[in-house]
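Readers should treat all values here as calculations from the given coordinates under stated rules, not as data from a laboratory. This structure is a prediction, so every number in the text was calculated from the model and none was measured. We place every Cβ from the backbone using ideal geometry, glycine too, and count neighbours over all the protein chains shown.
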Amino acid sequence: MFCIITQPPEARDIKLWPAQPLTFMKSLQDYSDELKKFAHSIATIIGKILNIEPQLMGDNYAVQALRMNYYPPCPSIPEKVLGFSPHSDGSFFTILTEVNSVKGLQIRRHGAWIPVNPQPKSLLVNVGDFLEIMTNGKYKSIEHRVTINSHMERLSISAFNNPKIDGVVSPVLGSNEKTLYKTVGVADYLKHNLSNKLDGKRALDYAKVS
Ligand SMILES: O=C(O)CCC(=O)C(=O)O
Ligand SMILES: [Fe+2]
């Protein structure tokens, strides 16, 4: 697994980017720029549906980090191994590319694990914890995990669209709406999310009004 910050451009630490193959940097920059436009379209639509100001939405996906995931096959006991334990993403939303269309991703719905069949040439959008907080629970972050294939490797790229690290995320409330989530510092929430072992949506309890 390999993770780098790709947006905004001034946040890139190019010396951490692989220099080989020679086309890598340019391809990644182009890909990242296209994802940024796509993220903007998604956020604009959500903002319109929920009547949230575009500026407020924009602040919440200003940072993009790309994680490349490689899951090798496990010929002996694939049913006993997970590529990724159950978790929800500590993002605003995540855009996933299932690079070689090998199955593995599952989402949890009503207590059951539902396989997500990869659709070639399509992107998958997962709601993350910050979007759940901002919408006061109207959008729910998606609990997911990745299983391992017995004979095929799986490759995916997760694009985490996140608020700026020094910002805060607050629930945007309609009139007479009960506040279900606290205002959280982005750095504090991410620290909390990353310092605990992956355990479904447990990390989000940190942001809930008790
Ligand atoms: O490989 C996948 O399908 C999912 C990866 C994932 O959940 C993540 O990067 O947070
Ligand atoms: Fe994830």
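Just a few scattered comments:
- Comparing Gly185, Gly128, Gly111 in a Gaussian network model of the chain where C-alpha atoms under 10 Å apart are linked, the largest mean-square fluctuation is found at Gly111.
- Largest GNM mean-square fluctuation across Asn117, Asn176, Asn193, computed for the chain with C-alpha springs under 10 Å, falls on Asn176.
- Relative to the longest principal axis of the Cα atoms of the chain, the long axis of helix 24-50 makes an angle of roughly 40 degrees.
- Within the shell of other residues whose beta carbon sits under 13 angstrom from the beta carbon of Asp59, the net charge comes to -1, with Lys and Arg scored +1 and Asp and Glu -1.
- Only Lys, Arg, Asp and Glu carry charge here, each on its Cβ (+1 for the first two, -1 for the last two); on that basis the chain has a dipole of about 400 debye about its Cα centre.
- Full extension of the chain between Asp30 and Lys191 yields a length gain of 55.0 nm, computed as 0.36 nm times the residue separation minus the alpha carbon distance.
- Checking the Cα-Cα distances for Lys26/Lys121; Lys37/Lys140; Lys37/Lys201 against a 26 Å cut-off, the pairs over it are Lys37/Lys201.
- Rounded to the nearest 0.05, the FRET efficiency derived from the C-beta distance between Gln55 and Lys140 at R0 = 25 Å is 0.55.
- A simple spin-label model places pseudo-atoms 7 Å from Cα toward Cβ; at Ser122 and Glu153 they are separated by 2.6 nm.
- The range 13-55 versus the range 90-145: alpha-carbon centroid distance in Å: 17
- Sequence-distant residues sharing a close amide H with Val63 (under 5 Å, placed H): Asn162, Lys164
- Cβ-based charge dipole, the chain, positive-most Cα from Ile114, Ile42, Phe24: Ile114
- Each helix, a run of at least 4 DSSP H residues, gives -39500 (n - 2.57); summed and divided by the residues of the chain, these come to -7500 deg cm²/dmol at 222 nm.
- The phi torsions of the range 54-66, fed into the Karplus equation with coefficients 6.51, -1.76 and 1.60 and a -60° offset, translate into couplings of x, 4, 5, 5, x, 4, 8, 10, 5, 9, 10, 10, 10 Hz, rounded to whole numbers, with Gly and Pro shown as x.
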